[in-house]
1. Any idea which of (1) surrounded by fewer than 23 Cβ atoms within 10 Å (Cβ to Cβ); (2) over 30 Å from Lys74 (Cα atoms) is the one Gly234 doesn't satisfy?
2. Against the definition (outside the structural domain of Ser145 (by TED's automatic domain parsing) and surrounded by 14 or more Cβ atoms within 10 Å (Cβ to Cβ)), how does Asp270 come out, yes or no?
3. For the stretch 148-162, enumerate the residues that are farther than 15 Å from Asp215 by Cβ and either buried (at least 21 other Cβ atoms within 10 Å of the Cβ) or in contact with a strand residue (DSSP E or B) (Cβ under 6 Å, 6 or more places away or on another chain) (or both).
4. Scanning for something away from the ligand (no atom under 15 Å from the Cβ) and out of contact with any strand residue (DSSP E or B) (no Cβ under 6 Å at 6 or more places or on another chain), does the stretch 24-32 turn up at least one residue?
5. Mind telling me which of the residues Gly241, Gly216, Gly210 ends up being surrounded by 16 or more Cβ atoms within 10 Å (Cβ to Cβ), outside any helix (DSSP H, G or I), within 8 Å of the ligand (Cβ to nearest atom) and at positive phi?
6. Based on this model, can you work out whether Ala100 counts as part of a strand (DSSP E or B) and touching a Ser or Thr at 6+ places or on another chain (Cβ under 7 Å)?
7. Residues of the stretch 70-97 being surrounded by 17 or more Cβ atoms within 10 Å (Cβ to Cβ), part of a helix (DSSP H, G or I) and among the polar types (S, T, N, Q), which ones?
8. For the stretch 140-177, name all the residues that are among the aliphatic types (A, V, I, L, M) and near the ligand (Cβ under 10 Å from one of its atoms).
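The values are calculated or read from the model by the stated rules, or taken from the named source; none is laboratory data. Given the structure is predicted, the values throughout are model-derived calculations rather than measurements. Neighbour counts are summed over all protein chains in view; Cβ atoms, including those assigned to glycine, are modelled from backbone coordinates with ideal geometry.
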Amino acid sequence: MKYDVVVIGAGPAGSSAASALSSLGHKTVIIDPCDEKKVCAGVLTAQYVRKYGVNEAFVERKLKGVRIAFRDVKAEINYRQAVEYSIDRQAYDNFNVNEAIATGSELRKDLATSLVETDSGVSVSVSTEKDTIDAEYAIIASGISDLSRQFGGTTKYAFCVQQKKDVEPDHYFEMDLHKDGYSWIVPKSDHVLTGTSSIIDYPDIPGEKGLIPIDGPVEKTFSDKILLTGDAAGFVSPFEGEGLYYARRSGEIAAEILSGVMSGKYQMKDYEDRWKKEFDFSTLDIISGLLSSDRALEMFVREIRDNTRFHALVEDILTKENKKLSLTDKASFIKVLKHV
Ligand SMILES: Cc1cc2nc3c(=O)[nH]c(=O)nc-3n(C[C@H](O)[C@H](O)[C@H](O)COP(=O)(O)OP(=O)(O)OC[C@H]3O[C@@H](n4cnc5c(N)ncnc54)[C@H](O)[C@@H]3O)c2cc1C
């Protein structure tokens, strides 16, 4: 049986792409072995919550703010209005894939071993451990994986280790900054998750391991028949490491463009034009670049704690729908951190 679209990976990128495609009437299949536990802090950012809302099927805790520390310098931001949520990542993925199935997508619990654009260039063929699946188009939503890498997927990442601790949770996301990233504490319903990252190798502590893209979007996210989405395409914001919003949104954009390609309205390259127009990582890139020394990190936290205007600026970056800074804000941000 030939499908319109084969989606490889049933994380947030793949599930949202499949949901949108089948809602638009396209014959869609998702391939994922569904046997891997995702290592994720599970924070749904204000940007995500504003656009998509949340569902009690996966919410663990409403967050009131963030605590940011560098060594013994500590600051706390209590969000004025926007909300973030701490979620159960497994339940969240299950919810999304079930939504895709409910809209008509087929789920095959299988591992894709290869994907080729056919010689004639009219379709794609996916070999899996159990079968061969033919489709007009493919969406690669397989995160950081061998399959993604074969198609120009992301190759630079931070190494993360996370563990569950039986500690009474409160309502704050805690970030302990260090030069290579940050360590975190995320409250869940009856415990907390603690984790840390390094750009060199996995930190030598016990826990579950995961990778997070750190080099921004990859060079090319489309070919004649294939689109790259989510982590596979490197869509994770620098500094925060927010990936769930960009995975879901890129899946939706990919679906809309593919649907338009099939009806003659769009071309494959329109996908790249669209996400480039929507996703702006430049503000957080600037922050990441500036926070590259111990002195800058200390100044950053001190200013959040002591400087009302800077405090409000950082809160806006974390909680606004559009994380793009105005030129005046960008200038004052740089001015503060350049004084180190
Ligand atoms: C430690 C850690 C903490 C994080 N915390 C947060 C956070 O708090 N908030 C946030 O927004 N983001 C966070 N992220 C980032 C977020 O988890 C990712 O950006 C997001 O999961 C990307 O979604 P995706 O759908 O692109 O890929 P994934 O969620 O990785 O899904 C890829 C899917 O593809 C499947 N797959 C892989 N290879 C194949 C194959 N060959 N055939 C078939 N299927 C395949 C996998 O089984 C998987 O289900 C965190 C990441 C890490 C590592």
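1. (1)
2. No; evaluated as a whole, the condition is false for this residue.
3. Selection gives Phe151, Cys160, Val161, Gln162.
4. The answer is yes; a qualifying residue exists.
5. Exactly one residue qualifies, and that residue is Gly241.
6. Against the criterion (part of a strand (DSSP E or B) and touching a Ser or Thr at 6+ places or on another chain (Cβ under 7 Å)), Ala100 does not qualify.
7. Residue satisfying the conditions is Asn96 alone.
8. Those that are among the aliphatic types (A, V, I, L, M) and near the ligand (Cβ under 10 Å from one of its atoms): Ile140, Ala141, Ile144, Leu147, Ala158, Val161.
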